[in-house]
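Read the structure below first, then the notes.
Please treat every number below as a calculation from the coordinates, not as lab data. None of these values were measured; they are calculated from a predicted model. Every residue, glycine among them, receives a Cβ derived from its backbone with ideal geometry; neighbour counts consider all protein chains shown.
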């Protein structure tokens with residue numbers, strides 16, 4: 001197997017006195033779709049933010065491009081983050097800017113590209129996510145699925161090798177969610193991207209994941225393929241894939 005693109009080693013983090021992540025470790029390989037799953041409040045998004053360099057851990061390391069993100073100063077971290085694409089759950093688009101200007105923003109700021117070429121690059125990025133004719137629209141004029149795609153176009157504006165995607169299917173109907181799953185697979189296969197995705201949608205997990213890691217109460221309790229998860233003897237993993245409620249909920253008298 002190839003050398004990991006990013007590795008997390010014994011990551012520990014707190015919010016105040018509360019332990020959020022407890023010695024979490026994982027490795028993501030080039031070209032892989034690595035999906036982080038688990039119940040609400042288990043630390044999924046917190047881990048993703050650490051892997052992006054957006055949060056400072058209590059202890060542990062995050063190695064990307066042979067650099068430990070936890071040891072970099074602000075300028076070094078900012079430089080490395082330009083090689084990472086981030087698609088937020090809410091799309092993260094600036095409502096005061098057109099879709100095209102949203103995608104162009106990182107190119108203008110960090111791309112070192114001739115201004116005359118930027119419009120063409122933006123159209124190419126938007127076309128890849130199926131929004132080639134939408135650059136003039138404002139984010140408020142887009143549907144939820146279109147906003148997700150526009151956010152993804154901006155995430156790949158600088159051609160990063162690694163893209164983080166937080167809850168891509170959240171708020172989407174099943175048809176839109178399935179289309180986004182197909183787009184993620186196409187981007188992996190055609191552009192050679194590596195994805196780290198946080199989601200709780202079982203259909204999406206089964207469709208796109210090469211490997212999954214499940215968190216529970218801040219600890220990584222399983223890492224493996226979907227098939228291995230579905231046949232796991234870890235009770236919490238089986239419960240999630242079988243969609244079984246906690247007993248105290250199932251036994252309530254509504």
Within the range 102-143, find all residues whose amide N lies under 12 Å from a label point positioned 7 Å from the Cα of residue 82 along Cα-to-beta-carbon.
-> 106-113
Return an integer: the convex hull volume of the alpha-carbon atoms of the chain, in Å³ per residue.
-> 156
Ascending count of other beta-carbon atoms within 10 Å, so fewest first, for 238, 188 | 238, 188
Where does each of 143, 90 land when they are ranked from fewest to most other beta-carbon atoms within 10 angstrom?
-> 143, 90
Quote the FRET efficiency, to the nearest 0.05, computed for residue 221 versus residue 75 with a Förster distance R0 of 41 Å and r equal to the Cβ-Cβ distance.
-> 0.65
Would you give the gap between the C-alpha center of the range 147-175 and the C-alpha center of the range 58-85, rounded to a whole Å?
-> 22
The Cα radius of gyration of the range 1-69, divided by 2.2 N^0.38 Å with N its residue count, comes to 1.09
Inverse mean reciprocal Cα-Cα distance (Kirkwood Rh) of the range 90-160, Å | 11.7
Can you give the Rg and Dmax of the range 130-254 based on its C-alpha atoms, in angstrom?
-> 17.2, 53
For the chain, share of DSSP beta bridges that run antiparallel, in % to the nearest 5 = 50
According to a simple spin-label model (label point 7 Å from Cα along Cα-to-Cβ), what is the distance in nm between residue 12 and residue 114?
-> 5.4
Listed with the fewest Cβ neighbours within 10 Å leading, 138, 51, 146 appear as 138, 146, 51
